[in-house]
Every structure is written in structure tokens, then in C-alpha cells.
Number of protein chains: 2
Amino acid sequence: MSVLNTCIGSVAAVCTTLAFVPQVIQSWRTRDLSGISLPMYLIFTTGVVLWFIYGILIQDWPVIIANAITAILASTVLLLKLKSIFII
Amino acid sequence: MSVLNTCIGSVAAVCTTLAFVPQVIQSWRTRDLSGISLPMYLIFTTGVVLWFIYGILIQDWPVIIANAITAILASTVLLLKLKSIFII
């Protein structure tokens, strides 16, 4: 694999993982979850947890680490959404 | 690669790709984008487009197709968010 490919793949992985940081911060601070789709975060978090399990099965550390971080971030938004539905 | 691995990886890919469908439908219908983080969708869409380019570079069809679909869905939410900021 060329250096260019590895570089683009790495930047892509960092972007799709860390993109959820500003969403977590905004949702945590404002508690405005009305525009957030519950089915999206249910399906997305399930998918990321499955990617994490897949990473363990194929013993690929980048897949394990990236999806562990994304799972924590996405499940935080999911819990805030569930809290906004069932507690208010 | 075992059948179990391929199966878990495929379900994971379908989940993380199609998760954005209910978000696009909700955002399109309600036009309630207040809880959606602009930086998240800017960074996420950039990441998915880079994954798409990466897929072309390594000539991996599942990576190309999954990220092409996610790019269309995520950029739709991004455009609705930008519209809600600059037009209203």
C-alpha cells in the first residue's frame, strides 16, 4: 500500500471518528435533542459495536480503536436522546 | 476470512451506512436542525468522501459503494443544516 493511500485512509478514519465530538459537546451543553433521530443513533451505535467486534475477530487494531471511540461518542448522544424522551 | 467474520462485517457496514436514512427523513420532514451539530456533519462528510477516494485508490468496491451512499445521506443533512442557518 502506498504512503498516499495510508495517509488518506488515516485522515478519513480520524474524521469519521472525531466528527462525533462536536455533536456530543453540543448535545451535552444544550440538551437540545429534538432534531436528532433516535432510529439513526440506535442503528448507528449497533453498527459501530459490530465493527468493534469485527475488529476483534480479524485482530485489526485500527478498526478496534476507531470503533471503540466512535461507540462511546455515539452511545453518549443516544443516551442523551433517550433521556430527553423519557425524562422530560 | 470465516463466514462469521464476513457476516458481522457486512451487517456492521449496512448499519453504519443506512443509519443516516431515518435522520435524513426526519430532518427533511421537520426542518428541525437545531440539535444537529454543523461541525459534526462538516467533518463527517469530509471523512466519508475521503473513505470513498480511499476505496477508489485501493479498488475496493464495498468501501466505494458504502461510502458513496453515506456521503449522499450525510451531505443531505449537512445541506439542510446550512439552509436552516443561512436562509431562515
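The values are calculated or read from the model by the stated rules, or taken from the named source; none is laboratory data. This is a predicted model, so every value here is computed, not measured. Using ideal geometry, Cβ is built from the backbone for each residue, glycine included, and neighbour counts are taken over all protein chains shown. Only protein heavy atoms, including side chains, enter the accessible area calculation; ligands, DNA and RNA are left aside. Shrake-Rupley method; radii C 1.70, N 1.55, O 1.52, S 1.80 Å.
When the range A:37-64 is filtered for residues that are of a type in the set (S, T, N, Q) and in a helix (DSSP H, G or I), the ones remaining, listed by number, are A:THR45, A:THR46. Residue-level analysis places B:ILE56 among those that are open to solvent by 60 Å² or more (accessible area, probe 1.4 Å), aliphatic (A, V, I, L, M) and more than 7 Å from every other protein chain (Cβ to nearest Cβ).
Selection of the range A:49-77 for residues being over 11 Å from A:THR17 (Cβ atoms) and in contact (Cβ under 8 Å) with a residue 24 or more places away in the chain yields A:SER75, A:THR76, A:VAL77.
Here's the yes/no breakdown for (1) touching a residue at least 12 places away in the same chain (Cβ under 8 Å); (2) among the aromatic types (Phe, Trp, Tyr); (3) more than 7 Å from chain B (Cβ to nearest Cβ):
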{"site": "A:ALA13", "(1), (2), (3)": "yes, no, yes"}
{"site": "A:THR16", "(1), (2), (3)": "yes, no, no"}
{"site": "A:PRO22", "(1), (2), (3)": "no, no, no"}
{"site": "A:SER27", "(1), (2), (3)": "yes, no, no"}
{"site": "A:LEU42", "(1), (2), (3)": "yes, no, yes"}
{"site": "A:GLY47", "(1), (2), (3)": "no, no, no"}
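Every condition in (1) more than 7 Å from chain A (Cβ to nearest Cβ); (2) modelled with pLDDT of 95 or more; (3) open to solvent by 20 Å² or more (accessible area, probe 1.4 Å) holds for B:LEU80 except the one numbered (3). Only one of the numbered conditions (1) in contact with a Leu (Cβ under 8 Å, 6 or more places away or on another chain); (2) small (Gly, Ala, Ser); (3) not in a helix (DSSP H, G or I) is violated by A:SER34, and that is (1). Somewhere in the range A:8-31, is a residue basic (Lys, Arg) and either assigned to a helix (DSSP H, G or I) or closer than 16 Å to B:THR70 by Cβ (or both)? Within the range A:8-31, one or more residues are basic (Lys, Arg) and either assigned to a helix (DSSP H, G or I) or closer than 16 Å to B:THR70 by Cβ (or both).
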